[in-house]
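Nothing in this text is a laboratory measurement; each read-out follows from the coordinates by a stated rule. Everything numeric here is computed off the predicted structure, so don't read it as measured data. Cβ placement follows ideal geometry from the backbone for every residue including glycine, while neighbour counts extend to all protein chains displayed.
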Amino acid sequence: MFITFEGLDGSGKSTQAELLRSRLEADGEDVVSTREPGGTELGEKIRDLVLHGGHVTPWAEALLYAAARAQHVDEVIAPALERGASVICDRYVDSSVAYQGVARGLGLERVLDLNLAAVGGLMPDRTFLLALDVVRLPERLRREPDRLERESGDFHARADAGYRELAARFPERIVVLDGALPAETIAEEVYGALRVRS
Ligand SMILES: Nc1ncnc2c1ncn2[C@@H]1O[C@H](COP(=O)(O)OP(=O)(O)O)[C@@H](O)[C@H]1O
Ligand SMILES: [Mg+2]
């Protein structure tokens, strides 16, 4: 099974990805936990260019993320799924659609199409979207912000709107969870939603 976590920075994706990984491993499952836009040597270099470099035009940003994702699917995600592992990925195609497609204004459809081409159509079986009011995000972000995190509140609000548009469009795949709940409560909901499905 291919599972992704989505949401704005500070919404709790990495926390939930880690809680789910340990829970599935405790159940005896083979789990591969990875993150975007990294997970491969090329991807980590691209991540560095996008997040810590200078000015990157919106289309360059979208194409760099898509390039990292193509490599990530080919090297990590597809092989793990083929051998029967569960893959947990912190951010995936929906992130590009929300940030580059909607927040940067490149267009939801165009960025979705670009990414579907890059990943050969491989979409998650289940996506957990952690919804959290944008005003609550700064208190969650204690480390130095990267280039995207330094964007204005408006930018994050537009990305949030993009995520909600995706959730409305793909209701079978995307489960929206209240990111303000305690982490353990959210983890129970995630685990429960996966059990119901299988
Ligand atoms: N449900 C939660 N309630 C309160 N704090 C949380 C919750 N989930 C995560 N956090 C805290 O918020 C911060 C950001 O969480 P993190 O999982 O790193 O978010 P993301 O990966 O989405 O940026 C961390 O300090 C984490 O411990
Ligand atoms: Mg994280």
So what's the back-of-envelope 222 nm ellipticity for the chain, counting only DSSP H runs of four-plus at -39500 (n - 2.57) apiece and dividing by all residues, rounded to 500?
-14500 deg cm²/dmol
Under 5 Å between amide hydrogens, which residues at least 5 positions from Leu129 or on another chain qualify, with H placed 1.01 Å from N in the peptide plane?
Glu6, Val175, Val176, Leu177
With springs only between Cα atoms under 10 Å, which of Gly54, Gly43, Gly84 fluctuates most in a Gaussian network model of the chain?
Gly54
The correct pair for the range 2-197, radius of gyration to one decimal and Dmax as a whole number, both in Å and from Cα atoms, is 15.8, 45
Among DSSP beta bridges whose residues both lie in the range 2-197, state the antiparallel percentage, nearest 5.
0 percent
Kindly point out which whole DSSP H helices in the chain project their C-alpha atoms 27 angstrom or further along the helix axis while averaging a Kyte-Doolittle hydropathy of -0.5 or above.
none
Given R₀ = 35 Å, what would the calculated FRET efficiency be for Ala161 paired with Ala193, taking r from the Cβ atoms and rounding to 0.05?
0.90
Residue span Glu25 to Arg142: 0.36 nm per residue of separation minus Cα-Cα distance leaves a gain in nm of 39.2 nm
Please compute the length gained on full extension between Asp125 and Leu51, using 0.36 nm multiplied by the number of residues separating them and subtracting their Cα-Cα distance.
23.8 nm
